[in-house]
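Take a look at the structure set out below.
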Amino acid sequence: MKKLIFFGEMCCLTSLILIHLPLLANVPLIRVRRNQVRCEPPLGRIISKGDKRFEVGSLICKGDKLEVLNGGSVEFLCFSSGKFLKLPSGTIPLDKCAESEQASFPCNPSNTDGCRIQKGGTEGSDEPTIISPYSTSTLNPRPEITWTPVKGATSYKVKVESYEFGWEKIVNQTRLAYPSDEKEFQPGSIYTIYVFAYKDGNAFSYDSTPVNLLSVVSQEEIAQNIKRIKELGLPPDETVLDIDAIYASENLLNETIEMLKSQTETATPSRNPTLYRVLGDRYLRAWLPNEAKRQYTKAFEVAKSSNNSKELQKAQEGLKMVKFYNQLPTRRNGAQ
């Protein structure tokens, strides 16, 4: 008798499940963390409402099909381009949003045409290397200027030149906060920063880098896109990685490196290997392989301790890239 009752209950339960399967199938998916998706890397993230299958904030993989309601479109953040796209139903077209990852390294063992002569200075060498600004584009009209120490140097001269204005300062350390009494960078203008190494009053080597402050229109668009990402209410690491995609697409390495450093250098160090690995990627893109090596090594350690095989492999690939970069010929700048 008990067996008959149990069999009857199971039949009823099975019937209920079968009846409600269509309803369950229509429940939108939400995958906000990168470790929740099967693909590596994801193409991007749904930003607006309107898709039948995916909730706002969901990550999308190559081959995933959007089902937009009422024949409309949804907004989508493409990670490889850092752009917001309006997409109809169907798969993500790769001509509009390509896969990212190693495509961000134009200089690699398979494409040496993308390599330029790397900066010559390392810590304790005979010429300085400008560390920050990390790239030729910035949002900061008063960027801090830092560089590597030079063996035997007793002082340094920092010089800024443009068509509009110029200034120079003598310092005896390897960083200079932008002087408050000097005119700040203007939007849309290009400036050249020089750092000269001096010994006994004579300059004997230098480094230089051009810097462009983005236009007001570009700055406003970037700020608006970042605001929209923050409004999604994603986990902090995911928010940072999405904003990194926007910064990196605009070559804003200064902004994204400082943001990633802030996220990893907390009182309780992050246990997310992706943050350290992406920071290593950005340092390598800034032609600072020694800084990149430190981050890839940390990513390797965290990935190994958390059994994250995907990030472990990526960290190993990053360390190989550092070795490749360190074998490139270096530039030498004598005194001007």
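The values are calculated or read from the model by the stated rules, or taken from the named source; none is laboratory data. Just so we're clear, the structure is a prediction, and the values are computed from it rather than from any experiment. Virtual Cβ from ideal backbone geometry, glycine too; neighbours counted across all protein chains shown. The accessibility values were calculated without ligands, DNA or RNA, using every heavy atom of the protein model including side chains. Shrake-Rupley method; radii C 1.70, N 1.55, O 1.52, S 1.80 Å.
The HN-Hα couplings worked out from phi for region 313-318 by the Karplus form 6.51 cos²θ - 1.76 cosθ + 1.60 (θ = phi - 60°) are 5, 5, 5, 4, 5, x Hz, whole numbers, x standing for Gly and Pro. Out of residues 5 or more away from Thr91 or on other chains, whose amide H comes under 5 Å of its own, with H placed 1.01 Å from N in the peptide plane? For Thr91, the qualifying residues are Leu66.
Work out, step by step, the length gained on full extension between Lys159 and Asn307: first 0.36 nm times the residue separation, then minus their alpha carbon distance; give nm to one decimal.
Length gained between Lys159 and Asn307: 48.5 nm.
Shown here for region 155-240: trypsin sites (Lys or Arg not before Pro) in loop regions (DSSP other than H, G, I, E, B) with at most 14 other Cβ atoms within 10 Å, namely Lys183.
The chymotrypsin sites (Phe, Trp or Tyr not before Pro) of region 139-228 that meet both conditions, a loop assignment by DSSP and at most 15 other Cβ atoms within 10 Å of the site Cβ, are Tyr163, Phe165. Among the listed pairs Lys159/Lys199; Lys52/Lys227; Lys157/Lys323; Lys293/Lys314; Lys96/Lys323; Lys159/Lys261, a Cα-Cα separation exceeding 22 Å is found for Lys52/Lys227; Lys157/Lys323; Lys96/Lys323; Lys159/Lys261. Computed in the context of the full set of protein chains, the accessible area of region 131-277 at 1.4 Å probe radius has 47% of its extent on carbon or sulfur. Amide hydrogen proximity for Phe54: with H placed 1.01 Å from N in the peptide plane, the residues at 5 or more positions away or on another chain lying under 5 Å are Leu29, Glu67.
Could you work out how much longer the chain between Ala177 and Thr266 gets when fully extended? Use 0.36 nm per residue separation minus the Cα distance between them, nm to one decimal. Write down the numbers at each step before the final one.
Details: separation 89, 0.36 × 89 = 32.04 nm, distance 2.32 nm.
Gain on stretching Ala177 to Thr266: 29.7 nm.
You can think of it this way: the chain between Arg38 and Trp167 has 41.1 nm of extra reach, that is 0.36 nm per residue less the Cα-Cα gap. Go through Phe324, Leu288, Ser305 and say which Cα lies farthest out towards the positive end of the charge dipole of region 259-336; charges sit on Cβ, +1 for Lys and Arg, -1 for Asp and Glu. Going by the charge dipole, the pick is Phe324.
Loop-located GluC sites (Glu not before Pro) in region 176-235 (DSSP state other than H, G, I, E, B) with a sparse environment of at most 15 neighbouring Cβ atoms within 10 Å: Glu182, Glu184, Glu231.
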